[in-house]
Amino acid sequence: MTAVTQEAGAPLGAAPPPGDGSGESAIVTRGLTKRFRGGQVAVDALDLAVPRGSVFGFLGPNGSGKTTTIRMLLGLVAPTAGDYSVLGLPLAQALPRVGAVVEGPAFYPYLSGEANLRRFDAADPTARGATAGRRIAEALERVGLSAAAGKRYRNYSLGMRQRLAIAAALLGPRELLILDEPTNGLDPQGTREVRSLVKEIAADGTTVFVSSHLLAEVEQMCTHAAIMRTGRLVAQGTIASLRSGLVVRVRVETPDADDAARVLGALGLADVRRSGAEVTAELDGRAPEQINAALVGEGVAVRGLAVIRPSLEDVFVGLTGEGFDVDG
Amino acid sequence: MSTADATAGATAGTRARRTPGLVPVKETLRSAERRPRHPAERGTPAARSPWSFWRLLRSELGLTFRRPRNLLMLAALGVVPVVIGVALRVVAGEDGMGGIIEDVAGNSLMLTFVSFSFLVLLLMPVVVSVVAGDSIAGEAGAGTLRYLLAAPAGRTRLLAVKYLNAVVFAYAVTAVVALSALATGLALFPAGDVTLLSGTTISMGEGLLRIVIAVGYVGAGMAALAAVALALSTFTEVSIGAIAATIVLIIVCQVLRAIPELGEITPYLLPTRFTNFDAVLRDPVDTAALGEGLLAFGAYIVLFGSIAWARFSGKDITS
Ligand SMILES: Nc1ncnc2c1ncn2[C@@H]1O[C@H](COP(=O)(O)OP(=O)(O)OP(=O)(O)O)[C@@H](O)[C@H]1O
Ligand SMILES: [Mg+2]
C-alpha cells in the first residue's frame, strides 16, 4: 500500500497536531530569497514547511530553484533575504543530523568508495573515528555497494556513484535526509531500490526531503510535496490535497455512447463529453457503482467503467505549464 | 490505475473542490503518527568528538601524502641535490677549486646550503604552491567542497586544517631537500669541521644544528608562501588558476628584485627573505636577519590568512 493511499484514507479534518512551531517541522523557511550576483533571482520569497516524519517531494522544472534552496538549507549559499530553520536547531548543530545529496555525487576519483566515505566521515565533528569502519560498512551495505567498496571511485559507473552519494548521506543516525534528485542515473532496479530505501528510512522516523523531476516517483514515494516555478512556490501540501484541486472524472466505454451521454446528463453529472465509444463526465463525488447501475438500468451496454483520478503530473502541468522551456 | 488509487480518488472526490494553490501543510499532518522511534535522540545536542579536528587533519594529510602527484614532486625535489652534488664533484675533480665549489667540495654539509640557494628561488615555491593553491579550489572544482561543508566540516575549521596541512607539506618539502642534500654530501664529500662564510670553522655537530635552523627558517618561508596560495585558492574553483597565480607572483617578485631602481620595495617582497637562511653561515648566527625574515613571514601569514578567512567564510559554494 502506498503512502499516498494511507494519506487519502485518513479522516478528513483530523485535528491538527499540537504546536505549530519549528518543533513540528523538520524544515521551515520564511520569505527565503536568493538573488545571485548578476541579478538572477533563483529563489523568490519561499515559505516552506516540511513536517517531521514526512517524505516531502520538492518538484519543479529545470532551473526552478530546487538545488539553490537545498544549498541554502545546508549553509552552502547565503540567502539574500528571509530565514530558515533546519530541525529547529542552529545550523552547525543541525547538520550532523542531516544527510544530504546535493546536485549529484562528488568524490575523490583516486580514492576507493570506502576511503571516500571515511574522508567525509572525518569531516563531521560529531562522528567518532572508532565507529567509522562499522558505520561505513553499514552504509555501503544499505546501498548495495559492499562488493565495490575497494574499487577506485574513478572506475565507478554513474549508478554506483549515485549510490555512493546516498551512502555518504547515511553515515550517521539522521533525522533529516535531503536528497537532490537521488535516482538520477540509476537503472530501473536501482530506482526501485532507492524508493524502497527511502520508505524504509522514513519508517524509522527520519524526515526525507527529496527533489525530483520524476512525478510518478514522487507520487509513489512521498506523503507531501511542494511545487516550484521560477523560484516561487506554487503549491505545497499532502499529495492528496494537491490532487484534490483537480477534477475526478468517470469514463464509460460503450457502443451506445449517445445513450450513455444522455444517462450521465440525466444523473446530473457536469461536463459530459463523448468521443467515439467513450463518454466521460465529472464524477463529483458520486459512487461509480451507482452510475454503472443507472447505465445498465437504462439498457446501456457498459464495456468498461473507470474513475480517472488526476495524477500529480496533471497537477504539476497545470501549475508549471506544458512548455518544454527551462525556468529562469 | 490500481483499485487502491480508485478508492482514494473516490474519497478525495467527496471533499469540496478547491483550486490548487498554497495549501497549509498542517491541514492533514500525520507527523504525530510518524514520530521518530527514539524521541530521546531528538534535541540532545550532538556531542563534538574531542579529537575530531585532528581526525580531519589526519585525513587531509593522508590525502596529501598519498596523492601520486605530490609524491612525484617530492621525489623530483629530492633528486635535485643529488644532481647538484654529482655535478660539483665532477667539476671539483677536473680543475682547480675556487669559490663555492671549494666550499662544497671541502665539506659534506655545505651541499645542503647550496641546494637551498638553488631551489628556494623557484622550485620549492612552485611545489608548495601546487599543494596550497589546490587546497580549496581543487575541492571546489571537484564538488567535494559542498559535501565537506555539509558534513559539516565548518568553514573556519576546514580552512585551518587546509592551512596546517599546507604547512606540514612545506616543511616536508624543505626536509626532503635537506635530507637528500645531506646524504649526497656525506657520500661525495669529506665530512668534518665546517668553514663558514665568515672564515671561522665550526664542528660538524654545530654544522648539523645550523642545518636544522636553516630548515626551520626555509620551512617558515614556504609556509608564508602557502598562506598566499591558500588565499588565492579561495577565489577560484580552478586550482590551476590559483597555482599559476601564485607562481606568477613569485616570478614577478624575482624580476622586481632584479631591478636596482626598485631597491626600496625589495625588503617587502616575500622571496627576498627566502635566501636569508644563509644567516646561519655567519659566525655568530645572524639572528637579526633571521628574526626580520620570520617577522615578514608572520606578517604574510596573518595578512593572507585573514584574506583567505574573510573570503572563504562568506563565500557562496555553488560548485
Ligand atoms: N551560481 C549561480 N549564479 C547565477 N545564477 C545561478 C547560479 N546557480 C544557479 N543559478 C540560477 O538559478 C536558477 C535556479 O537554479 P537551480 O540549480 O536551483 O535549479 P534546479 O531547480 O535545481 O534545476 P534542475 O532541476 O535543473 O536541477 C537557474 O536559473 C540558474 O541559472
Ligand atoms: Mg538541481
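Structure values in brief
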quantity	calculated
Between 0 and 90°, nearest 10: helix A:129-142 axis offset from chain A longest Cα axis	30 degrees
Dipole magnitude of chain A about its Cα centre (Cβ charges: Lys, Arg +1; Asp, Glu -1), debye to nearest 20	1440 debye
Exercise: per-residue mean of other protein chain Cβ atoms within 10 Å, A:205-216	1
Between 0 and 90°, nearest 10: helix A:188-203 axis offset from chain A longest Cα axis	80 degrees
Accessible-area composition of the range B:51-313, carbon plus sulfur, in percent [1.4 Å probe]	72 percent
Chain A - mean residue ellipticity at 222 nm from DSSP helices (-39,500 (n - 2.57) per run, n ≥ 4, rounded to 500)	-10000 deg cm²/dmol
The protein assembly as shown - share of DSSP beta bridges that are antiparallel (%, nearest 5)	65 percent
Amide H contacts of A:SER64 (H built 1.01 Å from N, under 5 Å, at least 5 apart or other chain)	A:ASP327
Sequence ranges A:48-58, A:119-129, ranked by mean other-Cβ count within 10 angstrom, highest first	A:48-58, A:119-129
Protection proxy ranking of A:179-189, A:159-169 - average other beta-carbon atoms within 10 Å, highest first	A:159-169, A:179-189
Å² per residue, accessible surface of the protein assembly as shown at 1.4 Å	42 Å²
Shielding score for B:299-306, defined as the mean number of other chain Cβ atoms within 10 Å	0
Accessible heavy-atom area order of A:GLU289, A:GLU278, highest first, probe of 1.4 Å	A:GLU289, A:GLU278
Furthest towards positive pole of dipole, B:ILE202, A:LEU319, B:LEU256, structure part the protein assembly as shown, Cβ charges	A:LEU319
Charge dipole of the range A:247-310 about the Cα centre (unit charges at C-beta), most positive-ward option of A:SER275, A:ASN292, A:VAL247	A:VAL247
Rounded to 5, the percent of DSSP beta bridges in chain A classed as antiparallel	65 percent
Restricting the range A:225-328 to trypsin sites (Lys or Arg not before Pro) in coil, as DSSP defines it, with at most 12 other Cβ within 10 Å	A:ARG303
Cα-centre dipole for the range B:51-313 with unit charges at Cβ (Lys and Arg positive, Asp and Glu negative), debye to 20	1360 debye
Area buried, chain B against chain A - accessible surface, total, 1.4 angstrom probe, square angstrom	6400 Å²
Protection proxy ranking of A:97-107, B:237-247 - average other beta-carbon atoms within 10 Å, highest first	A:97-107, B:237-247
Size of electric dipole in the protein assembly as shown: Cβ of Lys, Arg +1 and of Asp, Glu -1, about Cα centre, debye, nearest 20	1120 debye
Accessible heavy-atom area order of B:ILE301, A:ILE27, highest first, probe of 1.4 Å	B:ILE301, A:ILE27
Förster-model FRET efficiency, 45 Å R0, B:SER306 and B:VAL90, C-beta, rounded to 0.05	0.40
Partner lysines for B:LYS315 [C-alpha distance under 19 Å; skip if fewer than 8 residues away on the same chain]	A:LYS34, B:LYS162
In Hz, Karplus ³J(HN,Hα) per residue of the range B:184-198 (6.51, -1.76, 1.60; θ = phi - 60°; x = Gly, Pro)	4, x, 5, 6, 9, 10, x, 8, x, 4, 10, 8, 7, 4, 7
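The values are calculated or read from the model by the stated rules, or taken from the named source; none is laboratory data. Please read these numbers as outputs of a predicted model, since none were measured by experiment. Note: ideal-geometry Cβ built from the backbone for every residue, glycine included; neighbour counts use all protein chains shown. These area figures cover heavy atoms from the full protein model, side chains too; ligands, DNA and RNA do not enter into them. Shrake-Rupley method; radii C 1.70, N 1.55, O 1.52, S 1.80 Å.
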